[in-house]
1. Can you pull out every residue in region 90-124 that is of a type outside the set (A, V, I, L, M, F, W, C), over 19 Å from Thr20 (Cβ atoms) and open to solvent by 30 Å² or more (accessible area, probe 1.4 Å)?
2. Any residue that is at pLDDT below 95 and of a type outside the set (S, T, N, Q) - is there at least one of those in region 187-194?
3. Report those strands (runs of 3 or more DSSP E) wholly inside region 156-246 carrying at least 1 residues which are over 25 Å from Phe319 (Cβ atoms) and touching a helix residue (DSSP H, G or I) at 6+ places or on another chain (Cβ under 9 Å).
4. Considering each residue of region 173-189, count those that are over 11 Å from the mean Cα position of the chain (by Cα), in contact (Cβ under 8 Å) with a residue 60 or more places away in the chain and open to solvent by 40 Å² or more (accessible area, probe 1.4 Å), and give that number.
5. Restricting to region 139-193, name every residue that is among the β-branched types (Val, Ile, Thr) and within 12 Å of Leu118 (Cβ to Cβ).
6. May I ask you to verify whether Met127 is open to solvent by 50 Å² or more (accessible area, probe 1.4 Å), in contact with a helix residue (DSSP H, G or I) (Cβ under 6 Å, 6 or more places away or on another chain) and aliphatic (A, V, I, L, M)?
7. Would you be able to tell me the number of residues in region 372-397 that are more than 26 Å from Asn189 (Cα to Cα) and in a loop (DSSP other than H, G, I, E, B)?
8. Among the residues of region 251-276, what is the count of those that are surrounded by fewer than 22 Cβ atoms within 10 Å (Cβ to Cβ), part of a loop (DSSP other than H, G, I, E, B) and touching a strand residue (DSSP E or B) at 6+ places or on another chain (Cβ under 7 Å)?
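The values are calculated or read from the model by the stated rules, or taken from the named source; none is laboratory data. All values derive from a computational prediction rather than experimental measurement. Cβ placement follows ideal geometry from the backbone for every residue including glycine, while neighbour counts extend to all protein chains displayed. Protein only, heavy atoms only, side chains kept; ligands, DNA and RNA dropped before computing areas. Shrake-Rupley method; radii C 1.70, N 1.55, O 1.52, S 1.80 Å.
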Amino acid sequence: MLQGKTVLLGVTGSIAAYKTASLASTLKKEGCSVHVIMTKNATEFITPLTFETLTGNRCITDTFDRSFEFKVGHVSLGKLADLVLIAPASADVIAKLAAGIADDMLTTTVLAARCPVLVSPAMNTAMYQHPATQANLKKLTDWGYEIIRPATGLLACDDTGIGKMPEPDLLARYVKAHLAKDKDMADTNVLVTAGPTREPLDPVRYITNHSTGKMGYALAQAAMERGAVVTLVSGPTALEPPLHVKTVPVTTSAEMYEAVTEAAPQADIILKAAAVADYTPSHTASEKVKKKEGDLSIPLVRTRDILRTLGEQKHPGQFLCGFSMETKDLLANSTAKLQAKHADMIVANSLRTEGAGFGHDTNVVTLITKAGSETLPKMDKLEVAHAILDRILAMRA
């Protein structure tokens with residue numbers, strides 16, 4: 001995902017520095033060229049040789065290292081990098097950056113860099129919450145630096161609280177959010193729906209479906225990676241929302257309807273991937289319905305059709321994409337849905353297809369438009385999401 005990209009990792013004096021070695025390895029495996037600059041204090045926690053072994057590049061620790069391959073090291077590295085990530089970022093380095101002090105190789109390089117700079121603070125809770133540190137972080141945020149919020153837990157000092165550097169996998173997600181894709185959807189507002197809805201019978205039971213939300217979350221992730229401003233309206237799932245995405249949690253189809261119709265007027269592209277219940281109980285009992293002898297009948301009423309409403313209210317230039325899960329007559333049923341809902345595209349798949357449908361990490365979809373249909377090969381759902389966005393951008397162009 002990061003082939004051809006260059007990331008500069010800044011490592012400062014913190015016990016969390018050992019985690020950065022794993023991060024460097026992860027980025028290298030993703031095809032990224034990784035360069036590491038360590039402060040003098042950082043070398044007390046982990047050796048430069050560790051990073052050189054993992055990255056294949058010389059680890060810089062000395063501003064005046066005469067064996068450094070660039071003519072003017074801090075300027076050259078700043079120009080080379082597509083992104084700078086300081087992890088862990090100690091309180092003193094944060095303070096230096098906020099004051100514009102450049103007295104070592106890391107701070108001089110960051111000051112000379114013109115690429116995005118991410119800062120991952122790692123320190124004692126009291127140090128992190130100190131007004132000076134918070135003021136410095138705010139100043140960096142105002143200047144365009146992205147501050148990665150520390151995790152909460154048991155710290156090396158045996159205190160419990162905020163200040164832990166996030167795990168390497170999460171830091172890698174931040175890097176991918178910036179570098180994984182070209183920003184061809186910058187300034188585009190995208191609305192995505194995902195997951196199931198739950199229609200309550202009583203305080204204990206509800207009607208739902210097998211949707212896990214994976215396809216919708218992949219669409220939100222893909223749009224975010226391409227620079228879009230993304231709103232994700234999600235039914236109940238076990239998934240972690242993508243970074244930099246506004247997530248609106250809902251439970252019932254009625255809540256989904258309200259959230260989607262409120263957000264829709266601002267959207268340039270709407271991707272309706274949620275599996276919304278078609279019917280809901282006509283009455284929700286206030287107390288648990290007790291088991292009795294004999295059968296039980298539950299009257300159901302039709303829920304409001306969100307996709308049809310969006311199609312009828314679609315404003316000029318807005319692109320509406322619906323989803324269709326079928327067990328038979330995939331093309332016929334999905335084409336009819338395209339016409340009836342006034343959609344621009346229907347993404348259809350079948351539960352009968354191996355590797356497609358609910359719960360899988362892969363999907364096999366057919367893209368249906370007024371111009372015809374195209375079936376994509378089985379791919380990871382994030383790859384499917386990017387393929388869908390590729391087609392939508394082509395159609396909008």
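1. Selection gives Gly100, Asp103, Arg114.
2. Yes.
3. 160-164
4. Result for region 173-189: 3.
5. Passing the criteria: Thr141, Ile147, Ile148, Val175.
6. Yes, satisfied.
7. 2
8. Of the residues in region 251-276, 2 are surrounded by fewer than 22 Cβ atoms within 10 Å (Cβ to Cβ), part of a loop (DSSP other than H, G, I, E, B) and touching a strand residue (DSSP E or B) at 6+ places or on another chain (Cβ under 7 Å).
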